[in-house]
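Below are the structure tokens for one structure; questions will follow.
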Amino acid sequence: MGKRKLTYSSIRTFRNCRRQYFNRVERQLVPIDTDSNLRIGSMFHECLERWGRLELDGVSRDDTAVAAILDHLDRAYPNRAGDPEQNRQWHLVRSMFLGYIRQYTEEPFRFVAVEKVFDCPIVNPTTGCPSRTFRMAGKVDGLVQMKETGEYFVLEHKSSAVLTGANIEKLPLDLQVLMYTHYMAQAAEIPIVGVIYDVVVKAQLKQKQGEDEEQYQIRKAELAAKSKSKKSSAKRQIPESNENFQDRLAQKYSDPAMFHREILYVSQEDIDEVVAEVWALTQQLLQAHREGHWYRNDSMCFQYGRPCAYFPLCRSGGNPNVIENLYERRPPHSELATNGDDSPAF
Ligand code: SF4
């Protein structure tokens, strides 16, 4: 039997909560309701992948190229005219993509590869021997070379609901940054010096829905009741058109604060540390397998401001009916098959 693949996402899940790892990787359970945030991140990655490939293919990044990517996005949300959620996501991804390419018109790097996969041995740092059980796999958004210095960097794109100083401050310690630098350098056999970490904030704007005649009359009557004249000149609110909403979003994404680019150099000491950490985690994973003990970490149940995807299952004590109704089985390591990894930015 071949070695089992680990990824940044799976090893991070194991480190955060072993029960979550057990549910996702060993039992292969995922919630039936796909998280819309993941879909937005995945579509945004798809657009940027196509944008990066243009340079690799020697195709001009002109209006025609942009229109082709937007056309791809249109086809990804075929029911947006009648489905409010598809419409919301389409607007957001479209404006994020257009804002991004406007923000980074001239890049200081050239693309070497996009969506580059790695699959490497996990090495015991004490003996130098590879693990007999596990390999490390992953996919980086881009591999780039600086035009001025010739240095190689991994390029990672993230979309995030918020962007705080603390999130950026801790990036030098980020497991993904360190792992991707090390394993991608190993796989590509080039000296990668760090990661260019691009974060795009997801705008919180909402498309104005307008009001029907009944809603309008109620609002008008309420306003009239509050006025001295007992009259109101309020006009009926009409739904905001797609064009107007896109204009408002474009205005939002003209603000540089909606983007952050962090260029991180990774030291050999940090690489040594992450190699040792990954090895230690593989040993703990083997032990969890041997003992069949996947303990819970309740401090992670409400991380990222929402319940963990497995909260209903843990809360029910592992009730099979909850599995039947709320989860389906899907192979792990979805980030290797789709665009972008499925972990939150921060
Ligand atoms: S609900 Fe809490 S304990 Fe259960 S898997 Fe999620 S993080 Fe772990």
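The values are calculated or read from the model by the stated rules, or taken from the named source; none is laboratory data. As the structure is a prediction and not an experimental result, all values here were calculated from the model. Heads up, the Cβs are rebuilt from the backbone with ideal geometry, glycines too, and the neighbour counts pull from every protein chain shown. Ligands, DNA and RNA are stripped out before the accessible areas are found, and what is left, the full protein with its side chains, is counted by its heavy atoms. Shrake-Rupley method; radii C 1.70, N 1.55, O 1.52, S 1.80 Å.
Any residue at all in the stretch 249-266 that is over 28 Å from Leu92 (Cα atoms), in contact with a strand residue (DSSP E or B) (Cβ under 9 Å, 6 or more places away or on another chain) and open to solvent by 40 Å² or more (accessible area, probe 1.4 Å)?
yes
To continue, here is another question. Given (1) open to solvent by 10 Å² or more (accessible area, probe 1.4 Å); (2) in contact with a helix residue (DSSP H, G or I) (Cβ under 6 Å, 6 or more places away or on another chain), identify the lone condition not met by Tyr152.
Tyr152 satisfies every listed condition except (2).
For Tyr77, are the conditions met, namely being crowded, with 20+ Cβ neighbours inside 10 Å, under 28 Å from Phe118 (Cβ atoms), away from the ligand (no atom under 16 Å from the Cβ) and assigned by TED's automatic domain parsing to the domain that holds Lys139?
no
Look at the stretch 105-122 and say how many of its residues are open to solvent by less than 30 Å² (accessible area, probe 1.4 Å) and not acidic (Asp, Glu).
Going through the stretch 105-122 one residue at a time, the tally reaches 7.
Let's see how each residue does on (1) at pLDDT 90 or above; (2) aliphatic (A, V, I, L, M); (3) within 23 Å of the chain's Cα centre (by Cα); (4) surrounded by fewer than 20 Cβ atoms within 10 Å (Cβ to Cβ):
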residue: Val162; (1), (2), (3), (4): no, yes, yes, yes
residue: Gly165; (1), (2), (3), (4): no, no, yes, yes
residue: Gln176; (1), (2), (3), (4): yes, no, yes, no
residue: Tyr183; (1), (2), (3), (4): yes, no, yes, no
residue: Glu189; (1), (2), (3), (4): yes, no, no, yes
residue: Val195; (1), (2), (3), (4): yes, yes, yes, no
residue: Val200; (1), (2), (3), (4): yes, yes, yes, no
residue: Ala203; (1), (2), (3), (4): yes, yes, yes, yes
residue: Lys206; (1), (2), (3), (4): yes, no, yes, yes
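Moving on to the next point. Taking the stretch 246-268, which residues are of a type outside the set (A, V, I, L, M, F, W, C) and within 22 Å of His182 (Cβ to Cβ)?
Arg261, Glu262, Tyr265, Ser267, Gln268
May I pose another question? Can you tell me which residue among Gly52, Gly2, Gly58 is touching a residue at least 40 places away in the same chain (Cβ under 8 Å) and more than 16 Å from the ligand (Cβ to nearest atom)?
On inspection, the qualifying residue turns out to be Gly52.
Here is a list: Ser316, Ser267. Which entry is away from the ligand (no atom under 16 Å from the Cβ) and over 25 Å from the mean Cα position of the chain (by Cα)?
Criteria check complete, one pass: Ser267.
Out of all the residues in the stretch 138-150, is one or more farther than 26 Å from Pro332 by Cβ and modelled with pLDDT under 95?
Checked against the condition, which is being farther than 26 Å from Pro332 by Cβ and modelled with pLDDT under 95, the stretch 138-150 yields no hits at all.
Checking the structure you have, find out if any residue of the stretch 149-162 is farther than 19 Å from Glu277 by Cβ and free of Cβ contacts under 8 Å to residues at least 12 places away in the same chain.
yes
Right, another one. Out of the stretch 296-313, which residues are within 16 Å of Phe14 (Cα to Cα), among the hydroxyl-bearing types (Ser, Thr, Tyr) and either open to solvent by 80 Å² or more (accessible area, probe 1.4 Å) or more than 7 Å from the ligand (Cβ to nearest atom) (or both)?
The answer is Ser299, and nothing else.
For the stretch 212-229, check the following and say yes or no: at least one residue is assigned to a helix (DSSP H, G or I), open to solvent by less than 40 Å² (accessible area, probe 1.4 Å) and assigned by TED's automatic domain parsing to the domain that holds Pro130.
The answer is no, given that none of the residues of the stretch 212-229 is assigned to a helix (DSSP H, G or I), open to solvent by less than 40 Å² (accessible area, probe 1.4 Å) and assigned by TED's automatic domain parsing to the domain that holds Pro130.
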